[in-house]
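Chemist: One structure, as structure tokens, below. Some questions next.
The values are calculated or read from the model by the stated rules, or taken from the named source; none is laboratory data. Please read these numbers as outputs of a predicted model, since none were measured by experiment. For neighbour counting, all protein chains shown are included, and Cβ atoms are generated from backbone atoms with ideal geometry for every residue, glycine included.
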Amino acid sequence: MNSSSAPISENIDTARVLCEVRDAIAWVTLNRPEKHNGLDMKMFYQMTATAKRIRKDRSIRAVILQGAGPSFSAGLDFKAVSSNPKDVARLFLKWPWRKLNLAQDIAHCWRDLPIPVICAIHGNCFGGGMQIALATDYRIAHPDSLFSIMEMKWGLIPDMSGMVTLSQLTRIDIAQELTMTGRQFSAQEAFEYGLISRLADDPAAAAEELAKVIVSKSPDAVAATKYLFKKTWQADTNKTLRWERWVQMRLLGRKNNRIAINNGMTKDETKKRPFKDRTSFR
């Protein structure tokens, strides 16, 4: 992946997702600002394709996910998707050889990446857009942002991996109330519910600051941390201890472990060494 904007589409005018890599950080931008980044089929395909490309590039150590224009994402564009019945089938039917359908994959692909994904949220974050945000590792929102688990408006339930992430981020009574009512709620409420990591007047700048700190650490240990938490969060003690031992053994003695030890022990900045590309933890 190169250092300039790299749209998935062959025509930049129709690119729904832009990706630019700077200093080992992939900036992924939802690029349908005139529709508040409403999710149409091109967005689904290009988002999942972008995540796959990032996974293959081991020089990338963090992702910042943001939206162009006035909002992060207003959620599924029902008018665009429902105009073609085949598109509805493509979204919600799961092929036997895949773990997820396309609707789930657009969000879960970020949770499944072996590197941290930081979401910078502004404006509206509704429905499918909110489920995408919840699937990232950190969510930094502008204080004026608005949120909604909006599927109830259409007589539906969250089905883009929202059930997985809601159950890990907040209490069941809060999740049920927000889902059953579909009401809009403020960024402050989202923070209090545990759905937002923190608030910032400039979410993108705050996301970049966090990403730069993470990028300065061993990429193997960072990837191992995300992998370990995914495997053990809310698991029983014995299973957690087994995974802890196994993941640590995969780190000990490897190049980036040795580099981290060297850098941690020396006070001479000139003797500190850059880390190698990350090892894949899956």
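Chemist: Is there a residue in segment 217-226 that is polar (S, T, N, Q), over 30 Å from Thr29 (Cβ atoms) and without any contact (Cβ under 8 Å) to a residue 40 or more places away in the chain?
Modeler: Within segment 217-226, the subset polar (S, T, N, Q) is 218, 225.
Still in the running and over 30 Å from Thr29 (Cβ atoms): none.
Looking for residues that are polar (S, T, N, Q), over 30 Å from Thr29 (Cβ atoms) and without any contact (Cβ under 8 Å) to a residue 40 or more places away in the chain, one finds none in segment 217-226, hence no.
Chemist: Would you please list the contacts, defined by Cβ atoms under 7 Å and residues six or more apart or on different chains, that run from a residue in segment 119-134 that is over 14 Å from Thr29 (Cβ atoms) and outside the structural domain of His108 (by TED's automatic domain parsing) to a residue that is modelled with pLDDT of 95 or more and of a type in the set (A, V, I, L, M)?
Modeler: Nothing qualifies.
Chemist: Among (1) over 17 Å from the mean Cα position of the chain (by Cα); (2) not in a loop (DSSP other than H, G, I, E, B), there is one condition Pro143 misses while meeting the rest; what is its number?
Modeler: Unmet for Pro143, out of (1) over 17 Å from the mean Cα position of the chain (by Cα); (2) not in a loop (DSSP other than H, G, I, E, B): (2).
Chemist: So which residues in segment 247-267 are surrounded by 12 or more Cβ atoms within 10 Å (Cβ to Cβ) and under 18 Å from Lys226 (Cβ atoms)?
Modeler: Across segment 247-267, the qualifying residues are Val247, Gln248, Arg250, Leu251, Arg254, Asn256, Asn257, Ala260.
Chemist: I would also like to ask the following. Given the conditions (1) crowded, with 21+ Cβ neighbours inside 10 Å; (2) hydrophobic (A, V, I, L, M, F, W, C); (3) more than 19 Å from the chain's Cα centre (by Cα), and given that Val88 satisfies all but one, which numbered condition is not satisfied?
Modeler: Going through (1) crowded, with 21+ Cβ neighbours inside 10 Å; (2) hydrophobic (A, V, I, L, M, F, W, C); (3) more than 19 Å from the chain's Cα centre (by Cα) one by one, Val88 breaks only (1).
Chemist: Kindly indicate the residue of segment 227-246 that is of a type in the set (Phe, Trp, Tyr) and without any contact (Cβ under 8 Å) to a residue 24 or more places away in the chain and also surrounded by the most Cβ atoms within 10 Å (Cβ to Cβ) among those meeting that condition.
Modeler: To start, the set of residues in segment 227-246 that are of a type in the set (Phe, Trp, Tyr) comprises 227, 229, 233, 243, 246.
Still in the running and without any contact (Cβ under 8 Å) to a residue 24 or more places away in the chain: 229, 243, 246.
Details: Phe229: 13, Trp243: 17, Trp246: 11.
Checking each candidate, the answer is Trp243.
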